[in-house]
Each structure stands twice: as structure tokens, then as C-alpha cells.
Amino acid sequence: MEKSTENNVAACGLYCGVCRKFKQGNCSGCQNQSGMNRCGIRPCVKERGYSTCAECDLMIDCKIRNNLISRVFGFIFRTDKTAMLSYIQENGLKEYAERQEEKQSMRF
């Protein structure tokens, strides 16, 4: 299994590399999935040729990233995807992945 890598960062900014399901091999992570995915963010990011939403000029006002399901998910799992993506914009994907791996957290 890969250690800290940019491929372990989901399109929305979550860090898959420390997720229990990912570590157990029950999930290949957002960037590595080839099958059906219920998330609307990943297909949008892939269509635009990006790794994450952090590369998109529409990140803040995006209706896909800021929909009701995403907000509920953020509330339940205490994630701040805007902060994660802003950190990626300011510091780069590699530094973000290394930071999250060091913290052993998929949340920011």
C-alpha cells in the first residue's frame, strides 16, 4: 500500500490514505476508483483534468461541491472541505498529503 502520496487525496480534499476501509483494502480511494461512484465531485474533477477541486476557479461557488448531501456529510463527519482545498491551493497537494499522513487524519 502506498504511503503518503497525492493519489491518496480524494477529489473533494479528504485524505483517503488513513481511512480504515482504505487501509484494509476495502476501498481503493477516490483517485483510484474505476467503477460506479455516488460522488458527483470526482467525475467533475476528472472531466476537467484536475486532481482535486482546489485546481478549479469555481471551487468556492460550486453547486456540486456545496450541495445539501455534501453539507450534511461535512456536518456529520466534521470535515471542512473548503479549508482542506484552500490548504492544497496554498501549499500544494504533496505537502497536504504529507501533513495528513503525519497527523493520521482524513479531516482537516
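The values are calculated or read from the model by the stated rules, or taken from the named source; none is laboratory data. Being a predicted model, the structure only gives us computed values, none of them experimental. Here the Cβ is made from the backbone with ideal geometry for all residues, glycine too, and neighbour counts use every protein chain on show.
Can you list residue pairs whose Cβ atoms sit under 6 Å apart, with the first residue in the stretch 85-108 being in contact (Cβ under 8 Å) with a residue 12 or more places away in the chain and of a type in the set (D, E, K, R) and the second being assigned to a helix (DSSP H, G or I) and surrounded by fewer than 19 Cβ atoms within 10 Å (Cβ to Cβ)? Count only pairs 6 or more apart in sequence or on different chains. Short answer, once both residue conditions are applied: 94/6.
Restricted to the stretch 91-107, and to residues there that are under 10 Å from residue 13 (Cβ atoms) and outside any helix (DSSP H, G or I), the residue that is modelled with the lowest pLDDT is 107.
Total residues in the stretch 54-75 satisfying the condition of being assigned to a helix (DSSP H, G or I) and hydrophobic (A, V, I, L, M, F, W, C): the figure is 6.
Given the criteria aliphatic (A, V, I, L, M), more than 10 Å from residue 12 (Cβ to Cβ) and out of contact with any Asp or Glu (no Cβ under 8 Å at 6 or more places or on another chain), does residue 88 qualify?
Values: aliphatic (A, V, I, L, M): yes; more than 10 Å from residue 12 (Cβ to Cβ): yes; out of contact with any Asp or Glu (no Cβ under 8 Å at 6 or more places or on another chain): yes.
Here the answer is yes, as residue 88 does meet what is asked.
Here is a yes/no grid of residues against (1) modelled with pLDDT of 85 or more; (2) surrounded by 18 or more Cβ atoms within 10 Å (Cβ to Cβ):
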position	(1), (2)
11	yes, yes
23	yes, no
70	no, yes
84	yes, yes
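For residue 27, are the conditions met, namely being closer than 23 Å to residue 90 by Cβ and at pLDDT 80 or above? The answer is no for residue 27. One residue stands out in the stretch 76-90 among those that are of a type in the set (Val, Ile, Thr) and in a helix (DSSP H, G or I): the one that is farthest from residue 45 (Cα to Cα), namely 76.
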